[in-house]
Amino acid sequence: HVQENLRPEPHQVFHVKCTKNVRLTPLEYARNVFHLEFDTTGTNLKYHIGDALGVFGQNDVEEVKAFIEFYSLRAQAFVALPRGAPQELLTVEQLLKQRIDLFGKPSQKFYAFLAHYAKDSYEQKKLKWMGSEDKEAFKLRQYEAVTFADVLTEFKSAHPPLLDLIQAIPAIKPRHYSISSSMKMHPN
């Protein structure tokens, strides 16, 4: 029996609906500030002004599907997560959509990790170089927002097994936002 959970965490998780999303800063500003409103009806969520709301993002479904196809994975195959206890069983699609930061920025350590799997000698040398010596190329890639998926797509001969990727790519982290409303004024 497989149970669909939002995300197991040490804190209680609530499924709420975003009812308002208004950008407060002009489009030309480097930072984005938004006013968000959520409907908490029926969730039993309690909060106070100044509490933080942790929001778990998900990877784009179409980008995940494209990566699954590129990496020759079976979307509905099951994977047992090696992190934590109790052990979790997820589909490959769930893992890549909800848990692994596949579209995040890789560290220099990831390039070095990937070099061990490269079958092409040029790709292996380039990955080793970028993973240890070439700080400028790494900084440029960070600036260009190169993702884990981009690197795996670029270095096609470096194809670690999925379980090794799970260990090398960090989990999606929650984004925390300050709550600026009061349940006394807006209970839901």
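The values are calculated or read from the model by the stated rules, or taken from the named source; none is laboratory data. Note that this is a predicted model, so its numbers are computed, not measured. Counting neighbours? That spans all protein chains shown, and the Cβs are built from the backbone with ideal geometry, glycine included. Heavy atoms of the whole protein, side chains included, go into the accessibility calculation; ligands, DNA and RNA do not. Shrake-Rupley method; radii C 1.70, N 1.55, O 1.52, S 1.80 Å.
Scanning the stretch 166-188 for residues that are part of a helix (DSSP H, G or I) and either under 16 Å from ALA112 (Cβ atoms) or at pLDDT below 85 (or both) turns up GLN167, ALA168. Checking each residue in the stretch 100-115 for being touching a residue at least 24 places away in the same chain (Cβ under 8 Å) and either in contact with a strand residue (DSSP E or B) (Cβ under 8 Å, 6 or more places away or on another chain) or surrounded by fewer than 17 Cβ atoms within 10 Å (Cβ to Cβ) (or both) picks out ILE100, ASP101, LYS105, LEU114, ALA115. Within the stretch 83-98, the residues that satisfy the criterion of being under 17 Å from the mean Cα position of the chain (by Cα) and over 29 Å from LYS126 (Cβ atoms) are ARG83, LEU90, THR91, GLU93, GLN94, LYS97, GLN98. For the stretch 72-88, the tally of residues that are touching a residue at least 40 places away in the same chain (Cβ under 8 Å) and surrounded by 13 or more Cβ atoms within 10 Å (Cβ to Cβ) stands at 4. Restricting attention to the stretch 108-165, the residues that are among the aliphatic types (A, V, I, L, M), touching a Pro at 6+ places or on another chain (Cβ under 6 Å) and either farther than 22 Å from LEU96 by Cα or not in a helix (DSSP H, G or I) (or both) add up to 0. On the stretch given as the stretch 126-163, residues that are under 23 Å from LEU90 (Cβ atoms) and free of Cβ contacts under 8 Å to residues at least 12 places away in the same chain total 1. Quick one: in the stretch 135-165, which of the residues that are modelled with pLDDT under 90 and more than 14 Å from PRO106 (Cβ to Cβ) is least open to solvent (accessible area, probe 1.4 Å)? In this case the residue turns out to be LYS135. Counting only residues that are of a type outside the set (A, V, I, L, M), open to solvent by 60 Å² or more (accessible area, probe 1.4 Å) and either assigned to a strand (DSSP E or B) or farther than 19 Å from SER180 by Cβ (or both), the stretch 40-71 holds 11 of them.
Looking across the stretch 118-137, the residues that are small (Gly, Ala, Ser), more than 12 Å from HIS159 (Cβ to Cβ) and within 26 Å of the chain's Cα centre (by Cα) come down to GLY131, SER132, ALA137.
Do we find that LYS20 is of a type outside the set (S, T, N, Q), modelled with pLDDT of 95 or more and not in a loop (DSSP other than H, G, I, E, B) in this structure? Criteria not met by LYS20.
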